[in-house]
Amino acid sequence: KTQDLSILAGVGNNRIGHQMKINLRSLQNNRDYLETAAGEHVIIASPNIVTSFDFRHAYEVHLKNNSDVTLIYKKDAAKYNLEDDDIYLEFCNKRISGIHYKKTHTTKHFYSEMLIIKKALLIQFLDLYKYSGEWDLLDMITINLDTLRVFGVQHTGYLKRINNLQS
């Protein structure tokens with residue numbers, strides 16, 4: 001309410017293979033807002049996550065590391081009933097060195113569907129979207145892991161994914 005939380009309109013995600021997590025087309029449709037909104041960084045979080053996460057610490061780590069992207073991750077994957085299209089992270093010297101879907105590779109750290117990204121980098125990815133077609137933001141980050149400064153911050157609080165009426 002007081003710190004400029006905005007819910008942006010999205011589009012339907014149709015993709016063969018793995019699930020699209022953050023559709024660049026949805027972000028492109030909101031580009032005018034992203035370009036004119038105050039601040040140099042953007043927090044993106046899945047709308048079906050209920051969490052007690054406080055982004056202040058993650059934002060401080062993001063700034064301290066001069067990160068291009070900071071992915072929020074969780075440990076103890078067994079109790080979260082993760083699916084094949086959930087994402088696991090690998091680390092090397094505190095930087096993220098690999099991003100994998102569960103069906104291909106697992107680690108002790110899974111992506112909690114929240115991230116912080118430099119707005120200028122996000123705009124660059126949107127520029128690429130115009131020429132490359134349908135892309136997922138996490139795919140773009142994965143492809144560019146060697147050139148981007150991608151770090152992780154552990155989520156230690158409550159996290160629940162709401163995917164159906166029962167949950």
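The values are calculated or read from the model by the stated rules, or taken from the named source; none is laboratory data. As the structure is a prediction and not an experimental result, all values here were calculated from the model. No Cβ is skipped: glycine too gets one built from the backbone with ideal geometry, and neighbour counts run over all protein chains shown. These accessible areas exclude ligands, DNA and RNA; they are computed on the full protein's heavy atoms, side chains included. Shrake-Rupley method; radii C 1.70, N 1.55, O 1.52, S 1.80 Å.
In a residue-by-residue description of segment 97-112, the property of being modelled with pLDDT of 85 or more and in contact with a His (Cβ under 8 Å, 6 or more places away or on another chain) applies to at least one position.
Looking at this structure, is ARG161 modelled with pLDDT under 90, in contact with a Ser or Thr (Cβ under 9 Å, 6 or more places away or on another chain) and within 27 Å of LEU34 (Cα to Cα)? So ARG161 passes the test.
Entry remark, segment 34-47: residues being open to solvent by 40 Å² or more (accessible area, probe 1.4 Å), within 18 Å of HIS155 (Cα to Cα) and part of a loop (DSSP other than H, G, I, E, B) number 1 in total.
Name every residue in segment 48-100 that is in a strand (DSSP E or B), surrounded by 13 or more Cβ atoms within 10 Å (Cβ to Cβ) and in contact with a Gly (Cβ under 9 Å, 6 or more places away or on another chain), in order of residue number. If the condition is that a residue be in a strand (DSSP E or B), surrounded by 13 or more Cβ atoms within 10 Å (Cβ to Cβ) and in contact with a Gly (Cβ under 9 Å, 6 or more places away or on another chain), then THR51, THR70, LEU71, ILE72, TYR73, TYR88, LEU89, GLU90, PHE91, ARG95, ILE96 are the ones that fit.
Taking segment 101-112, which residues are of a type in the set (Val, Ile, Thr) and open to solvent by 70 Å² or more (accessible area, probe 1.4 Å)? Steps first, please.
Going through segment 101-112, the residues of a type in the set (Val, Ile, Thr) turn out to be 104, 106-107.
Scanning segment 101-112 gives THR104, THR106.
Applying the condition of being β-branched (Val, Ile, Thr) and open to solvent by 20 Å² or more (accessible area, probe 1.4 Å) to segment 148-167 and asking which residue is nearest to ASN65 (Cα to Cα) yields THR156. So which residues in segment 113-141 are open to solvent by less than 10 Å² (accessible area, probe 1.4 Å), within 20 Å of ASN65 (Cα to Cα) and not in a helix (DSSP H, G or I), if there are any at all? Across segment 113-141, the qualifying residues are MET114, LEU115, ILE116, ILE117.
Screening LYS160 against (1) of a type in the set (D, E, K, R); (2) closer than 24 Å to ARG31 by Cα; (3) more than 15 Å from the chain's Cα centre (by Cα) leaves a single unmet condition, (2). Looking at segment 8-60 only, could you name the residues that are over 14 Å from the mean Cα position of the chain (by Cα), aliphatic (A, V, I, L, M), at pLDDT below 80 and under 22 Å from TYR111 (Cβ atoms)? The answer is LEU8, VAL11, ILE16. The selection criterion, being surrounded by 12 or more Cβ atoms within 10 Å (Cβ to Cβ) and at pLDDT below 90, does not hold for LEU145.
In segment 67-82, which residues are more than 17 Å from the chain's Cα centre (by Cα) and touching a residue at least 12 places away in the same chain (Cβ under 8 Å)?
Initial filter on segment 67-82 (more than 17 Å from the chain's Cα centre (by Cα)): 76-81.
Listed by number, the residues that qualify are ALA77, TYR80.
Scanning segment 129-154 for residues that are in contact (Cβ under 8 Å) with a residue 24 or more places away in the chain and over 13 Å from the mean Cα position of the chain (by Cα) yields TYR129, LYS130, GLU134, TRP135, LEU145, LEU148, ARG149, GLN154.
Quick check: anything in segment 128-149 β-branched (Val, Ile, Thr) and within 20 Å of LEU34 (Cβ to Cβ)? Steps first, answer last, please.
Quick first cut of segment 128-149, residues β-branched (Val, Ile, Thr) only: 141-143, 147.
Subsequent filtering for residues that are within 20 Å of LEU34 (Cβ to Cβ) retains 141.
Within segment 128-149 (the criterion being β-branched (Val, Ile, Thr) and within 20 Å of LEU34 (Cβ to Cβ)), the answer is yes, since at least one residue qualifies.
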